[in-house]
1. Among the residues of the range 45-79, count how many are of a type outside the set (A, V, I, L, M, F, W, C) and either within 17 Å of the chain's Cα centre (by Cα) or under 29 Å from I184 (Cα atoms) (or both).
2. Taking the range 91-120, which residues are surrounded by fewer than 20 Cβ atoms within 10 Å (Cβ to Cβ), among the aliphatic types (A, V, I, L, M) and within 26 Å of L20 (Cβ to Cβ)?
3. On the basis of being within 13 Å of the chain's Cα centre (by Cα) and within 21 Å of S122 (Cα to Cα), does G7 make the cut?
4. Going by the conditions given, is L80 surrounded by fewer than 16 Cβ atoms within 10 Å (Cβ to Cβ), in contact (Cβ under 8 Å) with a residue 12 or more places away in the chain, not in a helix (DSSP H, G or I) and not β-branched (V, I, T)?
5. Can you tell me which residue in the range 104-122 is nearest to R71 (Cα to Cα), limited to those that are among the β-branched types (V, I, T) and assigned to a helix (DSSP H, G or I)?
6. Could you list all residues from the range 132-191 that are modelled with pLDDT of 95 or more and assigned to a loop (DSSP other than H, G, I, E, B)?
7. Looking at V31, V17, can you tell me which residue is in contact with a helix residue (DSSP H, G or I) (Cβ under 6 Å, 6 or more places away or on another chain), surrounded by 17 or more Cβ atoms within 10 Å (Cβ to Cβ), closer than 23 Å to E187 by Cβ and touching a residue at least 12 places away in the same chain (Cβ under 8 Å)?
8. Looking at (1) under 18 Å from the mean Cα position of the chain (by Cα); (2) of a type outside the set (V, I, T); (3) surrounded by fewer than 15 Cβ atoms within 10 Å (Cβ to Cβ), which is the one condition that is false for Y156?
Amino acid sequence: MLVAVEGIDGSGKTSVVRELEKRLKELKIRVETVREPSDGPIGEFIRKYLNREFGSEWDKKVEALLFAADRAWYFSEVGLPEGDVVLMDRSLYSSLAYQAETKEDEAWISEINKFVPKPHLSFFLDVRPEICISRIMRSGRRKTSKESLPELKRTYERYLDLVRRGYLIRVDAERGLEEVVEEILREILKRIASPP
């Protein structure tokens, strides 16, 4: 079962995925983790691109194509990891939230990702953009060009739209890590017990 954890930068995705992996292993459930961008050649290029190491402004269409190529590369070269649960730190829904500004953009992004496996269960870690910016600043890491408050607000609204349309399950992630993980874990275990 593919399980995606989504959210704007600074929402705590990586911490949640790490803790979920630990908890699932404690329950003797086989689990693997996939992150975006991948550690492959396209993923490495994406990191440089997002950090503007090439000296140019980022372009949402180029970005969408790069992420689609990285997903396609990962699932064709590495394949779908073995495990009862595959945790995805981001998925197609990140592209829909970060790179789609219109319905036409959304249709195009869905089309270029049509050969990539879609998650069976997807969660949106709902943390207000102002809190995410504060977390990013406290972490001391270098911000990417997408981590400005106006950009995070736009992306946050697009994620909420995906929640309203039933693609993602909203999780209040302004609570403590343990509460967030418990809520997601309950949903995963429920789905394992009663597969569709």
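1. Matching residues across the range 45-79 total 8.
2. V116, the sole residue that qualifies.
3. Judged against the criteria, G7 is a match.
4. yes
5. Per the stated criteria, the residue is I112.
6. Hits for the range 132-191 are R165, G166, Y167, L168, A173, E174, R175, G176.
7. On inspection, the qualifying residue turns out to be V31.
8. (3)
The values are calculated or read from the model by the stated rules, or taken from the named source; none is laboratory data. Because the structure is a prediction, the values reported are computed rather than measured. Heads up, the Cβs are rebuilt from the backbone with ideal geometry, glycines too, and the neighbour counts pull from every protein chain shown.
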